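Q: Next up is a structure, given as structure tokens.
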Amino acid sequence: DPDPNPDPEGERPEPRDGIRCSLGSDSALSKPLDEAFSLWKKLLENPGIPEVRSLEQTVSSLQLLASLYRLQGKPIQALESFLLLRSLCRRLGDNLGVANSLCQLTRILLQLECPSQAQVFLEELELCLGEDKGSE
């Protein structure tokens, strides 16, 4: 009996069958992120450029950490991670990285309906972009 809708790749999952997390697995997923955040915070609490194997990889790791917190629906932790990233990028003289961090901070604060706090980062972003424009 031939199937009227043959699907050569097998069953296709429904969009609602995407990633599912229970509260227990959410906690299990958060623990490593929280530990990583704690380690990054400790590493970056001292002034100056941290002594790490790869500064580029460190920046990428902080970006990933902040993004994972956002995906988990943890905006406060994402804010804290982007603040760490902004601090590191400043130390490295990475204006593009600073600007990206400020954009992300502003976006999260607007999503949290905190426009006055978002305005502070937006003004800092304007200054940052002005500095970058002046250096061209």
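The values are calculated or read from the model by the stated rules, or taken from the named source; none is laboratory data. All figures in this text were calculated on a predicted structure; none of them were measured in a lab. Don't worry about glycine lacking a Cβ; one is built from the backbone with ideal geometry, like all the others, and counts go over all protein chains shown. These area figures cover heavy atoms from the full protein model, side chains too; ligands, DNA and RNA do not enter into them. Shrake-Rupley method; radii C 1.70, N 1.55, O 1.52, S 1.80 Å.
Q: For segment 114-136, state whether one or more residues are in a loop (DSSP other than H, G, I, E, B) and either crowded, with 16+ Cβ neighbours inside 10 Å or at positive phi (or both). Can you show your working first?
A: From segment 114-136, those in a loop (DSSP other than H, G, I, E, B) are 114, 135-136; that's our starting set.
Now restrict to residues that are either crowded, with 16+ Cβ neighbours inside 10 Å or at positive phi (or both): none.
Among the residues of segment 114-136, not one is in a loop (DSSP other than H, G, I, E, B) and either crowded, with 16+ Cβ neighbours inside 10 Å or at positive phi (or both), which makes the answer no.
Q: Is it the case, given these coordinates, that LEU29 is open to solvent by 60 Å² or more (accessible area, probe 1.4 Å) and either β-branched (Val, Ile, Thr) or under 11 Å from the mean Cα position of the chain (by Cα) (or both)? Show your work before the answer.
A: Numbers: open to solvent by 60 Å² or more (accessible area, probe 1.4 Å): yes; either β-branched (Val, Ile, Thr) or under 11 Å from the mean Cα position of the chain (by Cα) (or both): no.
When the stated conditions are applied, LEU29 does not pass them.
Q: Is it the case that segment 65-82 has a residue that's of a type in the set (Ser, Thr, Tyr) and under 17 Å from LEU129 (Cα atoms)? Write out each step before concluding.
A: Quick first cut of segment 65-82, residues of a type in the set (Ser, Thr, Tyr) only: 67, 69, 81.
From the residues that got through so far, the ones that are under 17 Å from LEU129 (Cα atoms) too are none.
Checked segment 65-82: no residue is of a type in the set (Ser, Thr, Tyr) and under 17 Å from LEU129 (Cα atoms).
Q: Against the condition touching a Cys at 6+ places or on another chain (Cβ under 7 Å) and not polar (S, T, N, Q), how does GLY93 come out, does it pass? Break it down stepwise before answering.
A: On the way: touching a Cys at 6+ places or on another chain (Cβ under 7 Å): no; not polar (S, T, N, Q): yes.
It is false that GLY93 is touching a Cys at 6+ places or on another chain (Cβ under 7 Å) and not polar (S, T, N, Q).
Residue-by-condition table, conditions (1) of a type in the set (S, T, N, Q); (2) in contact with a helix residue (DSSP H, G or I) (Cβ under 8 Å, 6 or more places away or on another chain):
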residue	(1), (2)
LEU44	no, yes
SER60	yes, no
SER67	yes, yes
GLN72	yes, yes
GLN77	yes, yes
LEU96	no, yes
LEU112	no, yes
LEU122	no, yes
GLY130	no, no
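Q: So, in segment 53-94, of the ones that are part of a loop (DSSP other than H, G, I, E, B), more than 19 Å from ILE108 (Cβ to Cβ) and open to solvent by 50 Å² or more (accessible area, probe 1.4 Å), which residue ends up modelled with the lowest pLDDT?
A: Let us first name the residues in segment 53-94 that are part of a loop (DSSP other than H, G, I, E, B), namely 53-54, 72-74, 93-94.
Adding the requirement that they be more than 19 Å from ILE108 (Cβ to Cβ) leaves 53-54, 93-94.
Right, trim to open to solvent by 50 Å² or more (accessible area, probe 1.4 Å) and you get 53, 93-94.
On the way: ARG53: 90, GLY93: 93, ASP94: 93.
If we take residues in segment 53-94 being part of a loop (DSSP other than H, G, I, E, B), more than 19 Å from ILE108 (Cβ to Cβ) and open to solvent by 50 Å² or more (accessible area, probe 1.4 Å), then ARG53 is modelled with the lowest pLDDT.
Q: Show the residue pairs meeting these rules: Cβ distance below 9 Å; 6+ apart or different chains; first residue within segment 67-84 and at positive phi; second residue open to solvent by 40 Å² or more (accessible area, probe 1.4 Å) and in a helix (DSSP H, G or I).
A: GLY73/ASP26
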